[in-house]
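These notes concern the structure reproduced below.
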Amino acid sequence: MNRQQWDTILTIVFYTLVVLTLVAYYLWRHTYPLIFMIIGVVAIVLRVATYIARYKK
């Protein structure tokens, strides 16, 4: 796989995690707030990794 394909895959996974974060927030924000926080942090880390991979020479 080339770099463009990896970038596309990581972007799709990021947006999927964002949607899951929003769903988890509205479903479990009062009972299990750690669930949506963990998913959100994973999404942010994945996005940072995508930027690093995209601009790495």
Counted residues in the range 1-22 being open to solvent by less than 90 Å² (accessible area, probe 1.4 Å) and either under 17 Å from residue 35 (Cα atoms) or small (Gly, Ala, Ser) (or both) come to 7
Contact list please: Cβ distance under 7 Å, first residue in the range 30-57 and farther than 23 Å from residue 8 by Cα, second residue open to solvent by 50 Å² or more (accessible area, probe 1.4 Å) and at pLDDT below 90, pairs at least six apart or on different chains.
36/29
Filter the range 17-29 for residues that are without any contact (Cβ under 8 Å) to a residue 24 or more places away in the chain and touching a helix residue (DSSP H, G or I) at 6+ places or on another chain (Cβ under 6 Å); the one that is farthest from residue 43 (Cα to Cα) is 28
Out of everything in the range 2-19 that is at pLDDT 95 or above and not β-branched (Val, Ile, Thr), what residue ends up being farthest from the chain's Cα centre (by Cα)?
15
Filtering the range 24-57 down to residues that are more than 11 Å from the chain's Cα centre (by Cα), β-branched (Val, Ile, Thr), exposed (fewer than 13 other Cβ atoms within 10 Å of the Cβ) and part of a helix (DSSP H, G or I) yields 52
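The values are calculated or read from the model by the stated rules, or taken from the named source; none is laboratory data. From a predicted model like this one, the values you see are computed outputs, not experimental measurements. Methodologically, a virtual Cβ is constructed for each residue, glycine included, from the backbone with ideal geometry; neighbour enumeration extends over all protein chains shown. What goes into the accessible areas is simple: the full protein's heavy atoms, side chains included, and nothing from ligands, DNA or RNA. Shrake-Rupley method; radii C 1.70, N 1.55, O 1.52, S 1.80 Å.
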